[in-house]
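Working notes for the structure below.
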Amino acid sequence: MPEIIVIGGGVIGLSSALALQQRGHSARLITRELPQETTSAAAGAIWAGGGLDGRMRRWADDSLTRFLTLCQVPDSGVTLQRIQDFRRHYPGAMSLPWFASRLAHCQRIPADELPGGFAAGLWLDVPIVAPPRYLQHLHGQFLAAGGILEVRQVDSLDDLLDDADLVVNCSGVGARKLADDPAVHPIRGQTLLVDAQIDKGFMDESAFTYLFPRGDGALLGGTQRTDDWRREPDEGESADILARCAAIEEAVNSANVLRVRVGLRPGRHAVRLDVERRTNGRIIHNYGHGGIGFTLSWGCALEVARLANAKPPSPPPPTGQGEASPQDFV
Ligand SMILES: Cc1cc2nc3c(=O)[nH]c(=O)nc-3n(C[C@H](O)[C@H](O)[C@H](O)COP(=O)(O)OP(=O)(O)OC[C@H]3O[C@@H](n4cnc5c(N)ncnc54)[C@H](O)[C@@H]3O)c2cc1C
C-alpha cells in the first residue's frame with residue numbers, strides 16, 4: 001500500500017498513525033515538535049467522556065475501551081485511578097453518566113460526605129494517562145511497526161500530496177494556519193508535577209481545579225485561557241494552582257515542584273474529522289479536540305483508519321452533473 005503522511009506528533013497524530021499501521025498502511029509522521037514538547041505532553045490527562053453525545057460519544061467510548069485495556073499494559077502510562085468528581089451547582093440528585101456501567105466503580109457521593117461548598121459528586125474508577133510516558137509508548141509502537149518520524153515544519157498540505165496519496169492532518173492548534181481554518185484558536189493550559197504522594201484524584205470542574213495521582217508524583221491543574229498563545233510557564237498561575245490544590249490536599253503544602261508544563265488546547269466549535277479531496281490527493285483532517293483530546297484520541301484514530309480505507313467515489317460523469325462535495329467522502 002502507498003505511504004501515508006501524518007502531520008503531528010501529539011496524541012492525535014501518534015494514535016492516528018498507529019491505527020493506520022494496524023490496518024496495514026505504512027506511515028511517515030512529520031512534526032514540528034517532538035512528542036514530549038507538544039501540548040499533549042502537558043495534559044492532565046483523565047478520560048473525561050461526560051456530557052458527550054453523537055459521534056463524540058462514540059469516539060470517547062472507543063477510546064475508553066482502548067484505555068481500559070492499556071491499564072493492564074505495564075509502562076503504557078495509563079492507569080486506573082479512583083477519582084472524586086465534584087460539582088458546586090447541581091439541580092437535584094446527580095445522575096450517573098452514560099459510561100457508568102463500563103467502569104468497575106461509579107457511584108454518587110452521599111450528601112453527608114460532600115465537602116463544604118459542593119452540591120454533588122461522584123466516585124469513579126477511571127483511566128488516567130501520564131502523557132510523557134504514554135506518548136513515549138505510542139512513539140515506540142509506531143517506530144517498532146516500521147514508522148518514520150521526521151522533525152520539521154510543514155508549510156503547505158498541497159506540497160505533501162506530491163509525495164503521498166493521502167495526508168492526515170493532526171496539527172492541533174497549528175491547523176489554524178496549516179488548514180487555513182480561523183475557527184481554530186488556542187486555549188492555554190498550565191499544569192504542575194509535584195513530588196506529593198496522593199492515593200486518589202480530585203476534580204472540581206467549576207473552579208477548574210484537579211489533582212491526579214501519578215507514578216512520578218501528583219499532577220496539579222489547571223488553567224484555561226482562551227486566545228493566549230504564550231508557551232512559557234506563568235509564575236503567578238503556578239502559585240495560584242498550588243494554593244487551590246493545597247486547600248484540597250494537605251500533602252501539596254510541603255511538596256516540591258518537579259516540572260511546569262504549558263499546552264495550547266486546539267479550541268474549535270467542533271472537532272474537524274473529515275475528508276477533503278484536492279486535485280492531487282486526499283487529506284483527512286483530525287484536529288480541534290479542545291480539552292478532551294486524550295478522551296477522543298483512539299476513537300478518532302479508528303475513524304481516520306476507516307476513512308483511509310474507504311473507497312473514493314467513482315469520477316463524476318462527463319456532463320459535470322452529480323459532482324461530489326468533500327462531505328460525500330466522509
Ligand atoms: C493543561 C491541559 C490539560 C488537559 N487535560 C486533558 C484531560 O484531562 N483529558 C483530555 O482528554 N484532554 C486534556 N487536554 C487536552 C489535550 O491535551 C488536547 O486535546 C490534545 O493534546 C490535542 O492533541 P493534538 O495531537 O491535536 O495536539 P498537539 O499535542 O498540540 O500536537 C500537534 C502536533 O502538530 C504539530 N504541528 C502543528 N503545526 C505543524 C506544522 N505546520 N508542521 C509540522 N507539525 C506541526 C506539532 O508540532 C505537534 O506535534 C488537556 C490539555 C491541556 C493543555
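Brief remarks follow.
- Residue list for segment 5-28, filter: more than 10 Å from the ligand (Cβ to nearest atom) and either free of Cβ contacts under 8 Å to residues at least 24 places away in the same chain or under 15 Å from Ser171 (Cα atoms) (or both): Ile5, Ala17, Gly24, Arg28
- Pairs linking a residue in segment 255-278 that is assigned to a strand (DSSP E or B) to a residue that is exposed (fewer than 15 other Cβ atoms within 10 Å of the Cβ) and modelled with pLDDT under 95, with Cβ atoms under 7 Å and 6 or more positions apart or on different chains, are Asp274/Pro326; Asp274/Gln327; Asp274/Val330; Val275/Pro326; Val275/Val330; Glu276/Pro326; Arg277/Pro326; Arg278/Asp158.
- Looking across segment 55-78, just one residue is within 11 Å of the ligand (Cβ to nearest atom) and of a type in the set (S, T, N, Q), and that is Ser63.
- Residue ID - surrounded by the most Cβ atoms within 10 Å (Cβ to Cβ), chosen from residues in segment 163-211 that are away from the ligand (no atom under 12 Å from the Cβ) and small (Gly, Ala, Ser): Ala196
- Among the conditions (1) in contact (Cβ under 8 Å) with a residue 60 or more places away in the chain; (2) more than 23 Å from the chain's Cα centre (by Cα), the only one that Leu96 does not satisfy is (1).
- In this structure, Arg244 qualifies as part of a helix (DSSP H, G or I), more than 15 Å from the chain's Cα centre (by Cα) and in contact (Cβ under 8 Å) with a residue 24 or more places away in the chain.
- Some residue of segment 84-98 being away from the ligand (no atom under 11 Å from the Cβ), in a helix (DSSP H, G or I) and farther than 25 Å from Cys170 by Cβ: no
- Output for segment 29-54, where each listed residue is assigned to a helix (DSSP H, G or I) and near the ligand (Cβ under 6 Å from one of its atoms): Thr39, Ser40, Ala42
The values are calculated or read from the model by the stated rules, or taken from the named source; none is laboratory data. Just so we're clear, the structure is a prediction, and the values are computed from it rather than from any experiment. Cβ atoms come from the backbone with ideal geometry, glycine included; neighbour counts cover every protein chain shown.
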